[in-house]
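Read the structure below first, then the notes.
Values in this text are rule-based calculations from the coordinates and carry no lab data. All of these numbers come straight from a predicted model, not from anything done at the bench. As a convention, Cβ positions derive from the backbone with ideal geometry for all residues, glycine included, and neighbour counts pool all protein chains shown.
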């Protein structure tokens, strides 16, 4: 049928009608709320580039987790800021690490909330990279700086990632989420978890994690900016699409139960393709730069914060993500509630 018999605007006339026929829906249950945990007590240190987001001591993280659950959120993800850093990322895998402390406290005080553990080493390494650094005698390209004469050692890093995953599982973590982008990390973590009796702990792999310019505010929040070089030798080239499908397939073959695409909005095509090809739960991370841009534009009066916040998350959901990691999680849950 065509106009005038067919009038598509009939289903747009009122909010009640629009809601009745809405194809894509956001729910608090589909959001994961990131928390940054630091040593101390009574600490809520604002992050300058991420208005409304703070570094939290364990006691304050418990309060934040309790509020998140009261709003209908079902999951949080923890990132740690250790008291000290070294070149073995010791703070990531020791049993009294900051994330492990926070996990135990939240599990004790806020039962029934899923806790996801980010397994990466950049926050814990003194140099800020996601793996063991070794010096290299070969430097690609002419005029390379002396600081560029390094490599991120893949296989030795796997051992530390596996220890970190086991340590988090011992602390009570519900889901292990490796975000380092080392080759073989999912298999190494799966084997280590199984050997320690944690065969029922699922893995949410950051399977397609791009070397993005949208991570800047996070690096302030987590104090994880590389002291030299960058992460392009292990995170994905933003120009590559087919490689993302290979990364996802590889992680699933190694034992991942769920997959993630990061960042979200610049890679909606990757999210959509992953949803079409892989029949597993799919997450997407609305990263710090996406959040910061919306906040900055809203504070300047250039956009309607609430409307753009919901529109951005709806686009990620519409592309195919069943779970969205977002710093807007509490605000959205309030609106949806």
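Derived value for segment 176-311: Kirkwood hydrodynamic radius 16.2 Å. Basis is the mean of 1/r over every pair of different alpha-carbon atoms. In percent, rounded to a whole number, the relative contact order of the chain is 18, using alpha-carbon pairs under 8 Å and six or more apart. Using only the C-alpha atoms, the convex hull of segment 86-230 corresponds to 121 Å³ per residue. Annotation: peptides 188-201, 279-292, ranked by per-residue average of other Cβ atoms within 10 Å with the highest first, follow the order 279-292, 188-201.
Ranked highest first by average number of other Cβ atoms within 10 Å, how do 10-22, 218-230, 251-263 line up?
Ranking the peptides 10-22, 218-230, 251-263 by packing returns 251-263, 218-230, 10-22.
Over segment 287-337, the fraction of Cα-Cα pairs per 5 Å bin, rounded to whole percents and listed from the shortest bin up, is 4, 19, 30, 28, 13, 4, 0. Take the Cβ atoms of residue 108 and residue 21, set R0 to 41 Å, and the FRET efficiency comes out at 0.40. Rounded to the nearest 10 degrees, the inclination of helix 98-109 to the longest alpha-carbon principal axis of the chain is 50 degrees. The label point for residue 241 and the one for residue 170, both projected 7 Å from the Cα toward the Cβ, are 4.6 nm apart.
If you take the Cα centroid of segment 54-126 and the Cα centroid of segment 292-337, the two points sit 24 Å apart.
Once Rh for segment 1-154 is found with the Kirkwood sum over Cα pairs, what is the Stokes-Einstein diffusion coefficient at 4 °C and 1.567 mPa s, in µm²/s?
Values: Rh = 19.3 Å.
In µm²/s, the coefficient is 67.
Between segment 1-53 and segment 221-253, the C-alpha centres lie 27 angstrom from each other. For the chain, the mean residue ellipticity at 222 nm estimated from helices alone is -11500 deg cm²/dmol, where every DSSP H run of n ≥ 4 contributes -39500 (n - 2.57) and the total is divided by all residues, rounded to the nearest 500. Translational diffusion of the chain, estimated by Stokes-Einstein from the Kirkwood radius over alpha carbon pairs at 37 °C in a medium of 0.692 mPa s, is 158 µm² per second.
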